[in-house]
Amino acid sequence: MINKDFVNNMFDVKGKVAIVTGATGALGKAVCFGYGHAGMKIMVTGRKEETCKALCDELEAEGIECSFSTGDPAIENDVIKVVNDTVSKFGEINVLVTSAGYNNPQPIVEQNLSMWKTIMDSDVQGTWLFCKYVGKQMIEQGKGGKVILVSSARSKMGMANYTGYCTAKGGIDLMAQSLACEWTAKYGINVNTINPTVFRSDLTEWMFDPDSEVYKNFLKRLPVGRLGEPEDFVGPCIFLASSASDFMTGANVATEGGYWAN
Ligand SMILES: NC(=O)c1ccc[n+]([C@@H]2O[C@H](COP(=O)([O-])OP(=O)(O)OC[C@H]3O[C@@H](n4cnc5c(N)ncnc54)[C@H](OP(=O)(O)O)[C@@H]3O)[C@@H](O)[C@H]2O)c1
């Protein structure tokens with residue numbers, strides 16, 4: 001029934017436990033603060049103890065309940081440890097956001113196999129491993145869950161020098177669609193991707209220079225008329241973690257200022 005309580009509670013994520021991978025990055029950090037201020041408990045994870053701890057300190061200073069567990073998302077035993085640490089600390093896992101990822105644009109003839117593997121491991125293998133072990137935990141809990149894979153607008157658009165990244169992100173979209181088929185009806189676990197275009201981060205800061213050709217070219221393709229800020233990322237993440245998105249699974253949620261529309 002669509003009554004006042006139903007509508008008022010549909011975005012309520014208070015008390016849910018989320019693991020955020022790549023938490024120390026620009027988008028991961030935005031998710032941690034967004035979820036934390038919405039009342040969720042956050043397990044910060046990344047490869048370096050120092051940066052994970054510093055982020056946790058920042059979150060705690062704002063009254064957010066959090067913890068951290070370090071590990072490389074592409075190493076199976078590290079992922080098992082992060083999942084176990086989360087369950088030990090918070091008792092359960094309700095939401096997974098995989099925001100760890102890496103790109104190194106290079107012409108294919110100049111890219112060596114080891115760099116291709118680094119891109120595939122950080123984007124695809126790490127995502128797959130977190131899905132596997134968090135999914136196993138969610139299935140055991142028997143309460144469903146929400147899995148949000150950070151992909152890219154590039155998952156459906158080729159680009160010169162992006163053979164690794166575009167392939168990896170296209171793979172992530174299909175991973176979400178396959179898991180949706182595998183899990184949603186059977187276990188109540190929704191799996192969707194968020195597909196961003198350029199958002200402000202340490203790596204993309206240079207693209208925000210209004211005098212640069214890159215910036216001007218991007219704006220020609222962006223119906224929203226600007227590039228993304230970390231704040232723009234939070235709403236879709238809360239939506240996909242909440243019951244408001246219960247009927248969505250296997251979706252690739254455009255969070256790209258209309259880039260796919262143009
Ligand atoms: N910002 C954008 O414009 C944009 C656009 C489209 C898609 N995306 C995607 O959104 C996600 C987050 O992007 P972001 O802007 O937050 O990136 P970011 O600031 O570079 O952060 C990504 C995080 O991933 C982890 N990481 C980096 N290299 C890794 C590797 N080789 N193996 C494992 N983990 C690695 C790092 O965490 P630790 O060092 O703590 O491990 C890093 O903090 C990525 O998947 C990215 O591809 C971003």
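Read-outs: derived from the displayed coordinates by stated rules, not from any lab. Being a predicted model, the structure only gives us computed values, none of them experimental. All Cβ positions, glycine included, derive from the backbone under ideal geometry; neighbour counts span all protein chains shown.
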#### Entry: Positions within region 173-201 being of a type in the set (K, R) and farther than 18 Å from F233 by Cβ, in sequence order
K186
#### Entry: Condition broken by I238, with the remaining ones in (1) touching a strand residue (DSSP E or B) at 6+ places or on another chain (Cβ under 6 Å); (2) under 27 Å from K14 (Cβ atoms) satisfied
(1)
### Task
Answer yes or no as to whether A26 is of a type in the set (A, V, I, L, M), surrounded by fewer than 22 Cβ atoms within 10 Å (Cβ to Cβ), within 13 Å of the ligand (Cβ to nearest atom) and touching a residue at least 60 places away in the same chain (Cβ under 8 Å).
yes
### Message
I'd like the full set of residues that are away from the ligand (no atom under 13 Å from the Cβ) and among the polar types (S, T, N, Q), limited to region 86-134.
### Response
T86, S88, N94, Q106, Q111, N112
### Query
Within the group A168, A180, A176, which residue is part of a helix (DSSP H, G or I), touching a Leu at 6+ places or on another chain (Cβ under 6 Å) and not β-branched (V, I, T)?
A176
### Query
Any residue at all in region 200-219 that is in contact (Cβ under 8 Å) with a residue 24 or more places away in the chain, of a type in the set (K, R) and surrounded by 15 or more Cβ atoms within 10 Å (Cβ to Cβ)?
yes
#### Entry: Verdict on A54 being assigned to a loop (DSSP other than H, G, I, E, B) and either over 17 Å from the mean Cα position of the chain (by Cα) or buried (at least 23 other Cβ atoms within 10 Å of the Cβ) (or both)
no
### Task
Mind telling me which of the residues M138, M120, M175 ends up being touching a Cys at 6+ places or on another chain (Cβ under 9 Å) and aliphatic (A, V, I, L, M)?
M175
### Task
Exactly one condition in (1) within 16 Å of the ligand (Cβ to nearest atom); (2) assigned to a helix (DSSP H, G or I); (3) under 16 Å from the mean Cα position of the chain (by Cα); (4) not hydrophobic (A, V, I, L, M, F, W, C) is not met by G36; state its number.
(1)
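Matching residues to (1) under 22 Å from the mean Cα position of the chain (by Cα); (2) more than 14 Å from the ligand (Cβ to nearest atom); (3) not in a loop (DSSP other than H, G, I, E, B):
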position: A185; (1), (2), (3): no, yes, yes
position: N192; (1), (2), (3): yes, yes, yes
position: N195; (1), (2), (3): yes, no, yes
position: S201; (1), (2), (3): yes, no, no
position: E231; (1), (2), (3): yes, no, yes
position: V234; (1), (2), (3): yes, no, yes
### Message
What are the pairs with Cβ atoms under 6 angstrom where one residue, in region 71-87, is within 21 Å of K117 (Cβ to Cβ) and the other, located anywhere, is in a loop (DSSP other than H, G, I, E, B)? Sequence gap at least six, or different chains.
### Response
D72/R47; P73/A100; D78/G71; D78/D72
